[in-house]
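Encoded as structure tokens, the structure appears first; notes follow it.
The values are calculated or read from the model by the stated rules, or taken from the named source; none is laboratory data. Predicted model, so just to flag it, every value in this text is computed and none were measured. Here the Cβ positions follow ideal geometry from the backbone for every residue, glycine too, while neighbour counts run over all protein chains shown. Keep in mind that these areas ignore ligands, DNA and RNA; they rest on the heavy atoms of the full protein, side chains included. Shrake-Rupley method; radii C 1.70, N 1.55, O 1.52, S 1.80 Å.
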Amino acid sequence: MQKIQSLAETYKNYFKIGAAVTVEDLQGLHGDLLKRHFNSITAENAMKFGEIHPKEDWYDFEKADKMKEFALNNNMKMRGHTFVWHNQTSDWVFLDKNGREASRELVLERLKEHVKVVCNRYKDVVYAWDVVNEAIEDKLNEQYRDTKWRRILGEDYIKTVFEIVKAEDSEAALIYNDYNNEIPYKMEKTYKMLKELVEKGTPMDGVGLQAHWNIWDRNLIGNLRKAIERYASLGLQIQITEMDVSMFEFEDRRKDLVEPTSEMLYLQEMVYDNIFSVFREYKDVITSVTFWGVSDKYTWKDNFPVPGRKDWPLIFDVKSQPKASFNRIVDF
Ligand code: HXH
């Protein structure tokens, strides 16, 4: 493996190359892959609110600390994922001592405290925070997702949250992160929101495209180009935050496949080739590209959207060997 060209090294004059990790990934074959090919890591779960701060008076830093140590020891940086999200957030945040919905003041106080503790513990290694995750509504006629954060903190909450994070970490890039935000229905809504935030003077530096893609989408490259240009026109940087290229369309619920067909692997190769050409073309605005996992041995796609269905969305195979997709993106 040591003879294989390093991905992060190949892209050192373009953007950071990242992977989402669990603590188990820091050792063994995945640890070796991380050290050789990546210069950025994101905790897949360990820094989400519910994981790192499960009770009001109890933080669980164990996993995130191990990731930070790994990053520091291996000359890597981290992306912080994530502060304000409608999922994987502890219920206590939104409840008062009587079990009723907490007031705006109380939730704001708790969020400030949480951000202060997490920022101060990790900001020496974190170069970007996903400050708000997935705040745009998927339904066509609605702009914002209805969440407890929004309901309690009020309509202006996104700006408020960015200001809270900015006060604790003035150096890291502060990012708004979402999925499907290169697809026209959601891109226009996102653009509108980001434009308003920028105009109101929100301390926001960029937008994250989660990039949970698949090999069948004929519109991907066109959508991606348009989205990058439109977001960059607001003066924002762009990070690809959670990329994977699934073998299945979202609507496809088949469960019979035990390994990817050669046609699928070839399509995947082409998609990775094409998206990295676009990324290189826009290297002035793209600051990092993160895969949502290390190898096909383990990926969240094995359980989403079909529980227990194997998927092969990454550039290293189930044996941690580079796939044809890897070769395409290091060879240009
Ligand atoms: C991401 N969400 C999260 O940011 C990340 O923290 C997590 O580890 C994995 C993925 C992606 C996601 C978005 C929507 C969703 C499921 C996952 O559910 C829908 C998908 C399509 C349309 C509507 C909802």
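What's the number of the condition residue 5 fails, among (1) touching a helix residue (DSSP H, G or I) at 6+ places or on another chain (Cβ under 7 Å); (2) open to solvent by 30 Å² or more (accessible area, probe 1.4 Å); (3) in a helix (DSSP H, G or I)?
The failed condition is (3).
Give all pairs with beta carbons closer than 8 Å in which a residue from the range 192-203 that is closer than 16 Å to residue 237 by Cα meets a residue that is among the polar types (S, T, N, Q) and open to solvent by 80 Å² or more (accessible area, probe 1.4 Å); count only pairs at least 6 apart in sequence or on separate chains.
Listed pairs, sorted by first residue: none to list.
Say we look at the range 284-301 and pick out the residues that are over 13 Å from the mean Cα position of the chain (by Cα) and within 12 Å of the ligand (Cβ to nearest atom); which of these is nearest to residue 46 (Cα to Cα)?
Out of the qualifying residues, it is 299.
Is it true that residue 238 is touching a residue at least 40 places away in the same chain (Cβ under 8 Å), part of a strand (DSSP E or B) and crowded, with 21+ Cβ neighbours inside 10 Å?
It is true that residue 238 is touching a residue at least 40 places away in the same chain (Cβ under 8 Å), part of a strand (DSSP E or B) and crowded, with 21+ Cβ neighbours inside 10 Å.
Condition first: small (Gly, Ala, Ser), open to solvent by less than 20 Å² (accessible area, probe 1.4 Å), at pLDDT 95 or above and within 16 Å of the ligand (Cβ to nearest atom). Can you find one or more residues in the range 211-229 that meet it?
Checking the range 211-229: at least one residue is small (Gly, Ala, Ser), open to solvent by less than 20 Å² (accessible area, probe 1.4 Å), at pLDDT 95 or above and within 16 Å of the ligand (Cβ to nearest atom).
Please give the number of the condition residue 328 fails out of (1) assigned to a loop (DSSP other than H, G, I, E, B); (2) crowded, with 16+ Cβ neighbours inside 10 Å; (3) not aliphatic (A, V, I, L, M).
Result: residue 328 fails condition (1) only.
Quick one: count up the residues across the range 130-151 that are away from the ligand (no atom under 13 Å from the Cβ) and touching an Asp or Glu at 6+ places or on another chain (Cβ under 7 Å).
2
Would you pick out the residues in the range 148-176 that are assigned to a loop (DSSP other than H, G, I, E, B), of a type outside the set (D, E, K, R) and open to solvent by 10 Å² or more (accessible area, probe 1.4 Å)?
Once the filter is applied, which keeps residues that are assigned to a loop (DSSP other than H, G, I, E, B), of a type outside the set (D, E, K, R) and open to solvent by 10 Å² or more (accessible area, probe 1.4 Å), the range 148-176 yields 154, 170.
Given (1) without any contact (Cβ under 8 Å) to a residue 60 or more places away in the chain; (2) within 17 Å of the chain's Cα centre (by Cα), where does residue 62 come up short, assuming only one miss?
Answer for residue 62: the failing condition is (2).
How about the range 265-292: which of its residues are farther than 18 Å from residue 227 by Cα and open to solvent by 10 Å² or more (accessible area, probe 1.4 Å)?
Answer for the range 265-292, where residues must be farther than 18 Å from residue 227 by Cα and open to solvent by 10 Å² or more (accessible area, probe 1.4 Å): 265, 266, 267, 269, 270, 273, 292.
Somewhere in the range 177-187, is a residue out of contact with any helix residue (DSSP H, G or I) (no Cβ under 7 Å at 6 or more places or on another chain), open to solvent by 10 Å² or more (accessible area, probe 1.4 Å) and free of Cβ contacts under 8 Å to residues at least 12 places away in the same chain?
No; the residues of the range 177-187 include none that is out of contact with any helix residue (DSSP H, G or I) (no Cβ under 7 Å at 6 or more places or on another chain), open to solvent by 10 Å² or more (accessible area, probe 1.4 Å) and free of Cβ contacts under 8 Å to residues at least 12 places away in the same chain.
Look through the range 93-117, keep the residues that are open to solvent by 20 Å² or more (accessible area, probe 1.4 Å) and among the hydrophobic types (A, V, I, L, M, F, W, C), and return whichever of them is nearest to residue 149 (Cα to Cα).
Going through the qualifying residues, I end up with 108.
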